[in-house]
Amino acid sequence: MASLGVPDGASGNGQEHGEHEPSVARNETPVDVPAAWRDAETRLELPPPLPNYQESIEGPIRWLYPSHALKKESAALRSALPRAWRVVASDLGLDALPPLHIRLALNPEHLRQLSPRRARAPEFAVGVAYPRAGIILVSLSAEAPATNLDPEKVLIHELSHVALRIAVDGRPLPRWFVEGLAIHHAEENHLRRITTLFAAAARGEPLDLDSINRGFSARSHQVNEAYAASADLVRYLRAQAADEEVFTALLAHLREGHDFETALRMSYGFDLETLERAWLTDLRRRFPRISLEGVSMLGFSLATLLAIAAGWKRIRRKKKRLREMAAEERLEEERRRALDLEAQLDFEKKRLEAALKLALKEEPADSPVPRTMPPGEESQGD
């Protein structure tokens, strides 16, 4: 899950700062951090590298990364940057990488320590971006060992915020659009988002635009719902056009200085209220509201089916093992028979050899050999 700060400066993957005001949530820029930091955003200063970190410059990118730990992961992410940039740049009509300062942190705690002093990253964040300042931080590991973290997806998410600011020339944008587009680019946790939306529909929680924007300021499950709903809303919006030229036109109108709703009407032909109503109708069709009793019954039914499937699998496994054991016994019996036959043949061979030796031993060794004489020699001897 990605989580961004709001006004001028930071956007990040992790928990929210909590200072955001719902009244401005509909019209925020992708480069915003809390209002207290707005004036200082252009003067953001990065702290010096932590011990056991090293810096390098590759083209327009100034890297900072661990010098010893997670070297393989760090090298893989640095080599993935061109590919990650192409994902967002091709969708937003951009070309070359802009100058960036990218810091790869060993863990979320280091990421927070390496973030700008006047705009610290949220706790437990695994990614944060300061697009106007050209700063991105990505953690190579998550706080919880079991977390399925993909640093390349986090990098794509943060690059999306940088690229979107460039594409619209820093014009104000709704928070749901900024976040939803970043999740769309990074293709993050599709199954988890679907599960989150299903659970929200089952609880009957509101998912209108105002509720989504308020959710970004929460620290509970509403944050997850806000991100899941934003991603689904952006997916729905982009599906309303026959081709990508309409989305490109939306970005162009924004870049020209039109507000988001005007640009939406000029490119897609409908306003925010119409988009919200159509999306909610589609959402209710895909995720019908069911009672908690229904959820419990569904869960019980699924658990029962899983138990039956597991039992059947165990029975099949046991039957397979019995067949394997029977086959092993047959092979062992055949092996024993072969050994018995071989022993019997060896015994007969030795018995015959012994009999032959005995027969040869009984024959006289000094028997006289009869002498034959040529005809006529007998008479001459007389």
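The values are calculated or read from the model by the stated rules, or taken from the named source; none is laboratory data. It should be emphasised that the depicted structure is a prediction, and the values quoted were computed from it without experimental measurement. A quick note on method: Cβ atoms are made from the backbone with ideal geometry, for glycine too, and the neighbour counts reach across all protein chains shown.
Residues to consider are 175, 171, 132, 238; find the one that is crowded, with 24+ Cβ neighbours inside 10 Å, at pLDDT 85 or above, closer than 27 Å to residue 257 by Cβ and among the basic types (Lys, Arg). Walk me through how you get there before you give the answer.
Working: 171 fails: crowded, with 24+ Cβ neighbours inside 10 Å; 132 fails: crowded, with 24+ Cβ neighbours inside 10 Å; 238 fails: crowded, with 24+ Cβ neighbours inside 10 Å.
Going through 175, 171, 132, 238 in turn, the sole match is 175.
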Q) Is there a residue in the range 145-155 that is of a type in the set (Gly, Ala, Ser), touching a Phe, Trp or Tyr at 6+ places or on another chain (Cβ under 7 Å), in the same structural domain as residue 245 (by TED's automatic domain parsing) and part of a loop (DSSP other than H, G, I, E, B)? A) no
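Among the candidates 188, 205, single out the residue that is outside any helix (DSSP H, G or I), closer than 20 Å to residue 87 by Cβ and at pLDDT below 85.
Numbers: 205 fails: closer than 20 Å to residue 87 by Cβ.
Result of the check over 188, 205: 188.
Which is of a type in the set (Gly, Ala, Ser), in a helix (DSSP H, G or I) and either at pLDDT below 80 or farther than 21 Å from residue 122 by Cβ (or both), of 218, 200?
Working: 218 fails: in a helix (DSSP H, G or I).
Going through 218, 200 in turn, the sole match is 200.
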Q: Those residues that are within 22 Å of the chain's Cα centre (by Cα) and within 21 Å of residue 230 (Cβ to Cβ), I need them from the range 123-141; list them, please.
A: 124, 125, 126, 127, 128, 129, 136, 138
Q. Do we find a residue being assigned by TED's automatic domain parsing to the domain that holds residue 49 and within 13 Å of residue 138 (Cα to Cα) anywhere in the range 83-91?
A. no
Q: Please indicate, with yes or no, whether at least one residue in the range 105-114 is of a type in the set (A, V, I, L, M), in a loop (DSSP other than H, G, I, E, B) and out of contact with any Asp or Glu (no Cβ under 6 Å at 6 or more places or on another chain).
A: yes
Q. List pairs: first in the range 195-219 and in the same structural domain as residue 277 (by TED's automatic domain parsing) and β-branched (Val, Ile, Thr), second in a helix (DSSP H, G or I) and crowded, with 16+ Cβ neighbours inside 10 Å, Cβ under 6 Å, 6+ apart or cross-chain?
A. 196/224; 196/225; 196/228; 212/176; 212/226; 212/229
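Here is a list: 182, 186, 242, 249. Which entry is among the aliphatic types (A, V, I, L, M), out of contact with any Phe, Trp or Tyr (no Cβ under 8 Å at 6 or more places or on another chain) and either on the phi > 0 side of the Ramachandran plot or free of Cβ contacts under 8 Å to residues at least 12 places away in the same chain (or both)?
Numbers: 182 fails: either on the phi > 0 side of the Ramachandran plot or free of Cβ contacts under 8 Å to residues at least 12 places away in the same chain (or both); 186 fails: either on the phi > 0 side of the Ramachandran plot or free of Cβ contacts under 8 Å to residues at least 12 places away in the same chain (or both); 249 fails: either on the phi > 0 side of the Ramachandran plot or free of Cβ contacts under 8 Å to residues at least 12 places away in the same chain (or both).
Checking each option against the conditions leaves just 242.
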Q.
When you scan the range 90-112, do you find a residue that is crowded, with 17+ Cβ neighbours inside 10 Å, touching a His at 6+ places or on another chain (Cβ under 7 Å) and under 24 Å from residue 47 (Cβ atoms), even just one?
A. no
**Q.** Checking residue 79 against (1) surrounded by 18 or more Cβ atoms within 10 Å (Cβ to Cβ); (2) more than 30 Å from residue 169 (Cβ to Cβ); (3) of a type in the set (Gly, Ala, Ser), the condition it does not meet
**A.** (1)
Q.
Going by what's in this entry, would residue 231 be described as crowded, with 16+ Cβ neighbours inside 10 Å, closer than 14 Å to residue 279 by Cβ and assigned by TED's automatic domain parsing to the domain that holds residue 272?
A. yes
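When you look at residue 144, is it under 20 Å from the mean Cα position of the chain (by Cα), at pLDDT 90 or above, surrounded by fewer than 23 Cβ atoms within 10 Å (Cβ to Cβ) and of a type in the set (Gly, Ala, Ser), yes or no? Before the answer, list the steps.
Details: under 20 Å from the mean Cα position of the chain (by Cα): yes; at pLDDT 90 or above: no; surrounded by fewer than 23 Cβ atoms within 10 Å (Cβ to Cβ): yes; of a type in the set (Gly, Ala, Ser): yes.
So residue 144 does not fit the description; no.
Got a sec? Which of 171, 165 is more than 18 Å from the chain's Cα centre (by Cα), among the basic types (Lys, Arg) and within 22 Å of residue 83 (Cα to Cα)?
On the way: 171 fails: within 22 Å of residue 83 (Cα to Cα).
Criteria check complete, one pass: 165.
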